[in-house]
Amino acid sequence: MHKRIPRSVLVTGGAHRLGALICQQFAQDGWHVWCHAQNSMTAAAALCQQIVAQGGQAQAVQADLSSDAERQRMMAQIAAQSGSLDCLVNNASSFEPDGASDFDEHAMRAQLEVNLIAPLALSRLMAQSLPATAGAEEDYGARSIIHVLDQKVLNLNPDYFSYTVSKLALERSVALQAQALAPQIRVCGVAPGLMFLSGPQTQANFDQASQMNLLKRAIDPAQVAATCLFLANNTALNGVTLAVDNGQHLVPLSRDVMFVVDGASKESHA
């Protein structure tokens, strides 16, 4: 009886928060996990050790996603050790406050590089690394790319302008890549709502803001991670984005939710 070779997945920004949960979900499902980090290699290594101790397979890999040379080196390292990827989860992102009237061009380019260009470049490298046998009909749909987006792409407000622009472009690329990379690779998106403390947000602000959705309760990040695994395993899903946000995208706000809470708090104390 032949031992089944585990499928391999690369999770960018995998050392902390949602990325770590995604790594754990895939490992528990029997995948060989590549946990990417840039400045958090100690945490990434610790997470991988924990996964291995629990019977899974995981390795940490370092790269600066804003560098094309680093992206190529990382993908070459993965291919050399475990072959072509079966799934790429583009989870890493840069999230900095700015606006349409005051953004800094250098800072905007830095966010676009990590949030948009890196996911597309890694997708390209994954597609280019596929073996010739990937054209076999029985393999169609087996490989996938998952872009982690934000409910903001479905529920616009002008705060975090550069971040939002980069995520909007990535969301539109889901359908474009699904068309371009078919039938060898499926491409899907997952759009979470507020899950963790963000930027300058206080715990009190988060406690209020995290319930500003249709279900009036905080979003469970583990459900978002489980959705990434679901998209990777369901070979009928292609070119779609799933909003995993307790319906937050159906609650339109004029500003980012943390600022709405702050504004309401200030008015109540006026």
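The values are calculated or read from the model by the stated rules, or taken from the named source; none is laboratory data. Values in this document were obtained by computation on a predicted structure and should not be read as measured data. Don't worry about glycine lacking a Cβ; one is built from the backbone with ideal geometry, like all the others, and counts go over all protein chains shown.
State the number of residues belonging to the range 135-187 that are over 30 Å from S254 (Cα atoms) and not in a helix (DSSP H, G or I). Steps first, answer last, please.
The initial filter retains those residues of the range 135-187 that are over 30 Å from S254 (Cα atoms), namely 135-145, 177-187.
Narrowing further to those that are not in a helix (DSSP H, G or I): 136, 140-145, 182-187.
Result for the range 135-187: 13.
Name the residues in the range 137-167 that are within 28 Å of S8 (Cα to Cα), surrounded by fewer than 21 Cβ atoms within 10 Å (Cβ to Cβ) and not small (G, A, S), would you?
Once the filter is applied, which keeps residues that are within 28 Å of S8 (Cα to Cα), surrounded by fewer than 21 Cβ atoms within 10 Å (Cβ to Cβ) and not small (G, A, S), the range 137-167 yields E137, E138, D139, Y140.
For the range 74-84, filtering for residues that are hydrophobic (A, V, I, L, M, F, W, C), exposed (fewer than 14 other Cβ atoms within 10 Å of the Cβ) and within 22 Å of G13 (Cβ to Cβ) leaves 1.
Just one of S94, S123 is among the hydroxyl-bearing types (S, T, Y) and outside any loop (DSSP other than H, G, I, E, B); which is it?
One residue alone meets the criteria, S123.
All told, R186 falls short of being surrounded by fewer than 17 Cβ atoms within 10 Å (Cβ to Cβ), of a type in the set (K, R) and out of contact with any Phe, Trp or Tyr (no Cβ under 6 Å at 6 or more places or on another chain). With respect to the conditions (1) closer than 23 Å to L21 by Cβ; (2) surrounded by 19 or more Cβ atoms within 10 Å (Cβ to Cβ); (3) not charged (D, E, K, R), V261 lacks only one, and its number is (1). Scanning the range 52-89 for residues that are in contact with a helix residue (DSSP H, G or I) (Cβ under 8 Å, 6 or more places away or on another chain) and assigned to a helix (DSSP H, G or I) gives D68, R71, Q72, M75. Cβ-Cβ distances below 9 Å connect the following pairs, each with a first residue in the range 16-30 that is of a type in the set (K, R) and modelled with pLDDT of 95 or more, a second residue that is surrounded by fewer than 24 Cβ atoms within 10 Å (Cβ to Cβ) and not in a helix (DSSP H, G or I), and a separation of six or more residues or different chains: R17/M195; R17/F196. Reported count of residues in the range 85-103, each being surrounded by 15 or more Cβ atoms within 10 Å (Cβ to Cβ) and at pLDDT 95 or above, is 12.
Residue check: Q179 meets all listed conditions (1) buried (at least 18 other Cβ atoms within 10 Å of the Cβ); (2) of a type outside the set (G, A, S); (3) more than 14 Å from the chain's Cα centre (by Cα) but one, namely (1). The set of residues in the range 23-42 being out of contact with any helix residue (DSSP H, G or I) (no Cβ under 8 Å at 6 or more places or on another chain) and not in a loop (DSSP other than H, G, I, E, B) consists of Q28, M41, T42.
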